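Participant: Next up is a structure, given as structure tokens.
The values are calculated or read from the model by the stated rules, or taken from the named source; none is laboratory data. Since the model is a prediction, treat every value here as computed from it, not as a measurement. With ideal geometry, Cβ positions are generated from the backbone for all residues, glycine too; neighbour counts draw on all protein chains shown.
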Amino acid sequence: MKKKVISVLVAATMVVSLFTACGSTSKDSAAADKTKTEDTAEASDKEAKDVSDLVIGEIEYAVVEDGGWAQAMHESMLAACKNLGIDTEKNLLTAEEIAEEDPSLIESTIEEMVDNGADIIFGCSTGYGAVLAEMQEEYPDVVFAQYENDIYENVVEFQIRGYEGEFLAGYLSALMNTESNQFGFCASMDEASVRTALNSYALGAKYGNPDATVQVLWADSWYDLDVEGQNAKTLIDNGIKYMGMEASSPAVPQTCEQNGAFCIGYNINMQPSAPKAVLTSFTWNFAPIFEEIMQQTADGTIKIDTDYYEGGDCAKLADFNADLVPADVQAKVNELKDKIASGEVSVYAGELKDDQGNVLVEEGQVMSDEDILAQDFFVSNVTGGKK
């Protein structure tokens, strides 16, 4: 049975990565962000309060020290609270191991948070949206925010333009791999966000090496130490020495380290788990987005149908492993990062074909963020894709 824990967490006991701001993040910037309905949304008329007095609810599908997604979310939450002066010992309510497949558990968790004075409740995984939307009708004075919500207009959506960081990860792998055109990718579930990570990594590898191919193996699970490790070992046995990943456990980096291979970590900085294998890590930094939602809630200006969708340092690479990545390679990756930020390089620019030879984006065109988020394809240099 899954357990529910609503606990007051002491920030001092956690390792928190504090960040500054996301690149190109203005909510009024049409290039960076999208809004479901621009003119019909009414700002909250709830009385303003000091942001430091907010009570925050955080619902996680796993424990917050899972070494992956939940930990990245939680560290972002702690950082946002610290930056806004919110006392996490008193005002942060965290529910761990709340199964997305259990609506009654989600509902009872929300009710308990509301009873404890929650002003905002964040659903920190994709599967809480339906229940949050229903509970918002019951508790209209509470702001409900959901990761990756494109359906419910009474729930704030937040997500990160992660494909920029994954593109850089693939490019780094290509610069490091001077002996082969083969790359690997350990994927979790075959769904849109994972395909986006995979395809972006593959496009980055191709940007660095036009002949690069990326073999993907699927765990068919969001978290499975054994399968993830086995998949990494299979790729290595197939002659692949450099790989990316979209998985939460440290099994892939550790397997790489044990077998003389290298990888890009995911979710959080995984270098401590495998210092001889992790070149860098793709990391999620939701702190600036959380801060904006919290501040606007406190000010009474939050619009519940708004989508917070940002890139730049929100989807950044962790510090390079200086023992593995030469300084000139680091400089090239940082140069490409600047080109992406300036718009000189677009990750999903045409001509772009899928693995069946179909043209996805014509020459001179760029795929929309909406199509990137909903992608149901694999780019031409991916092998082992499935739908």
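Participant: Can you name the condition, by its number, that Val142 falls short on among (1) buried (at least 19 other Cβ atoms within 10 Å of the Cβ); (2) at pLDDT below 95; (3) closer than 25 Å to Ile56 by Cα?
Facilitator: Here Val142 meets the rest and fails (2).
Participant: Hey, another quick one. Could you check segment 56-79 and list, in sequence order, the residues that are crowded, with 23+ Cβ neighbours inside 10 Å, part of a helix (DSSP H, G or I) and at pLDDT below 95?
Facilitator: Trp69, Ala70, Ala72
Participant: Does segment 135-176 hold any residues that are in contact with a Phe, Trp or Tyr (Cβ under 9 Å, 6 or more places away or on another chain), in a helix (DSSP H, G or I) and among the charged types (D, E, K, R), and which are they?
Facilitator: Glu166
Participant: So in segment 270-329, with the set limited to residues that are charged (D, E, K, R) and under 21 Å from Glu370 (Cβ atoms), which one is farthest from the chain's Cα centre (by Cα)?
Facilitator: The qualifying residue farthest from the chain's Cα centre (by Cα) is Lys303.
Participant: Now for a separate question. Go through segment 151-177 and give me each residue that's surrounded by fewer than 23 Cβ atoms within 10 Å (Cβ to Cβ), in contact (Cβ under 8 Å) with a residue 60 or more places away in the chain and over 24 Å from Tyr266 (Cα atoms).
Facilitator: Glu153, Asn154
Participant: Of the residues Leu217, Leu225, Leu203, only one is crowded, with 22+ Cβ neighbours inside 10 Å and of a type in the set (A, V, I, L, M, F, W, C); which?
Facilitator: Every option except Leu203 fails the conditions.
Participant: Can you tell me which residue in segment 253-269 is farthest from Ser76 (Cα to Cα), limited to those that are under 18 Å from the mean Cα position of the chain (by Cα) and β-branched (Val, Ile, Thr)?
Facilitator: It comes out as Ile264.
Participant: Could I ask something else about it? If the requirement is being at pLDDT 50 or above, assigned to a loop (DSSP other than H, G, I, E, B), charged (D, E, K, R) and more than 19 Å from the chain's Cα centre (by Cα), which of these qualifies: Lys3, Lys82, Lys49, Lys90?
Facilitator: The unique qualifying residue is Lys49.
Participant: Where in segment 203-276 are there strands (runs of 3 or more DSSP E), lying fully within it, with 2 or more residues that are aliphatic (A, V, I, L, M) and in the same structural domain as Met176 (by TED's automatic domain parsing)?
Facilitator: 213-218, 242-246
Participant: Residues in segment 178-188 that are crowded, with 24+ Cβ neighbours inside 10 Å and either in the same structural domain as Gly68 (by TED's automatic domain parsing) or polar (S, T, N, Q) (or both): how many?
Facilitator: 1
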